1. Does Arg242 satisfy the criteria of being within 19 Å of Val75 (Cα to Cα), out of contact with any strand residue (DSSP E or B) (no Cβ under 9 Å at 6 or more places or on another chain) and outside any loop (DSSP other than H, G, I, E, B)?
2. Condition first: in a helix (DSSP H, G or I), open to solvent by 100 Å² or more (accessible area, probe 1.4 Å), closer than 20 Å to Gly218 by Cβ and modelled with pLDDT under 95. Can you find one or more residues in the stretch 20-30 that meet it?
3. I need the full set of residues from the stretch 165-193 which are in a strand (DSSP E or B) and β-branched (Val, Ile, Thr), in order please.
4. Regarding the stretch 216-224, can at least one residue be identified that is in contact with a Leu (Cβ under 9 Å, 6 or more places away or on another chain) and either open to solvent by less than 40 Å² (accessible area, probe 1.4 Å) or within 20 Å of Ala64 (Cα to Cα) (or both)?
5. Between Glu158, Glu165, which is touching an Asp or Glu at 6+ places or on another chain (Cβ under 9 Å), open to solvent by 30 Å² or more (accessible area, probe 1.4 Å) and modelled with pLDDT of 95 or more?
6. Taking the residues in the stretch 81-94 that are open to solvent by less than 10 Å² (accessible area, probe 1.4 Å) and of a type outside the set (Gly, Ala, Ser) as candidates, determine which candidate is nearest to the chain's Cα centre (by Cα).
7. Is there a residue being touching a residue at least 40 places away in the same chain (Cβ under 8 Å), part of a strand (DSSP E or B) and either under 13 Å from Leu191 (Cβ atoms) or in contact with a Gly (Cβ under 9 Å, 6 or more places away or on another chain) (or both) anywhere in the stretch 38-60?
8. The conditions are (1) under 30 Å from Ala88 (Cβ atoms); (2) touching a strand residue (DSSP E or B) at 6+ places or on another chain (Cβ under 8 Å); (3) β-branched (Val, Ile, Thr); (4) open to solvent by 40 Å² or more (accessible area, probe 1.4 Å), and Thr204 fails exactly one of them. Which is it?
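The values are calculated or read from the model by the stated rules, or taken from the named source; none is laboratory data. If you're wondering where the values come from, they're calculated on a predicted model, not measured in any experiment. Every residue, glycine as well, gets a Cβ built from its backbone with ideal geometry; the counts of neighbours run over all protein chains shown. Only protein heavy atoms, including side chains, enter the accessible area calculation; ligands, DNA and RNA are left aside. Shrake-Rupley method; radii C 1.70, N 1.55, O 1.52, S 1.80 Å.
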Amino acid sequence: VGEPGRLNRPLVAGLAEHGLLGLLFGPVDGGGHIRALDLCLLREGLARYCTEAETALAVQGLGAYPILRAGRPDVVAEWLPRLASGAAVAGLALTEPEAGSDAAALALAAVRDGDVFRLTGAKVYISNAPDADVYSVFARTGGGPRAKGVTAFAVPRESPGLTGEPIELLSPHPIGRLQFEDVAVPASHVLGEVDGGWDVAMRTFDLFRPSVGAFTVGMAQTALDAAVGYTGSRAVFGRTLREFQG
């Protein structure tokens, strides 16, 4: 059992041990792309029994899929086996203090400096922050207005200048802030193309968004089962609750 509000690494490792991360990522040595329908079934099934486990799996996928789908071969080879085995945890760093619903209004700056990009700015409400091992980070490289000037990067947690702190929520979900102070990211860690990061983000969201509905269906089924069971066993005025019309 992990500390509420902080990354639960034993839970992520357990998802791998029971083969669920394997379903999400495919073979550790090759990587796969799960179908949207299969992801829906996986999330619905998990949500019926443990919403914390379901969310841990979904967030691992959200953080890892930009790397899996758009990373250079050496970056994929470095991170995919660790993410698929539960040895490492990923986070997707998109939302900023002034860019939430209007996600294209990013201000985190990524300035080219020879063979590296230097990232300066902040992210907020980032799942698995500040404890994730690697982040798929979306920053503004200035190649065009709004979404056209966004680039995606794979940024390890231990990168000098990257710091963070947790945000306390009512739920136990791990979420936090990230601060980038002149964080040097090798150009080889660009995910996809420079100024093409919005496409990387949307391809990931297109896969995972439908399964949010499946997640809620799983929770709703458990709630319905509990309600039906209770109304069939709770007796008042000589009969069970389900025998009353109301």
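1. On the way: within 19 Å of Val75 (Cα to Cα): no; out of contact with any strand residue (DSSP E or B) (no Cβ under 9 Å at 6 or more places or on another chain): yes; outside any loop (DSSP other than H, G, I, E, B): yes.
No; evaluated as a whole, the condition is false for this residue.
2. Here is the first cut: in the stretch 20-30, the ones in a helix (DSSP H, G or I) are 20-25.
Next, from what is left, pick out any that are open to solvent by 100 Å² or more (accessible area, probe 1.4 Å): 23.
Filter once more, so that each one left must be closer than 20 Å to Gly218 by Cβ: 23.
With the extra rule that they be modelled with pLDDT under 95, the set shrinks to 23.
So far as the stretch 20-30 goes, yes, one or more of its residues are in a helix (DSSP H, G or I), open to solvent by 100 Å² or more (accessible area, probe 1.4 Å), closer than 20 Å to Gly218 by Cβ and modelled with pLDDT under 95.
3. Taking the stretch 165-193 and keeping what is in a strand (DSSP E or B), we get 165-166, 175-186, 190-191.
Of everything in the stretch 165-193, those that are in a strand (DSSP E or B) and β-branched (Val, Ile, Thr) turn out to be Ile175, Val183, Val185, Val190.
4. So the first thing to find is which residues in the stretch 216-224 are in contact with a Leu (Cβ under 9 Å, 6 or more places away or on another chain), and the list is 218.
Retained after the next criterion (residues that are either open to solvent by less than 40 Å² (accessible area, probe 1.4 Å) or within 20 Å of Ala64 (Cα to Cα) (or both)): 218.
Yes - at least one qualifying residue is present in the stretch 216-224.
5. On the way: Glu165 fails: touching an Asp or Glu at 6+ places or on another chain (Cβ under 9 Å).
None of the other options fit; the residue is Glu158.
6. My answer is Val89.
7. So far as the stretch 38-60 goes, no, none of its residues is touching a residue at least 40 places away in the same chain (Cβ under 8 Å), part of a strand (DSSP E or B) and either under 13 Å from Leu191 (Cβ atoms) or in contact with a Gly (Cβ under 9 Å, 6 or more places away or on another chain) (or both).
8. (4)
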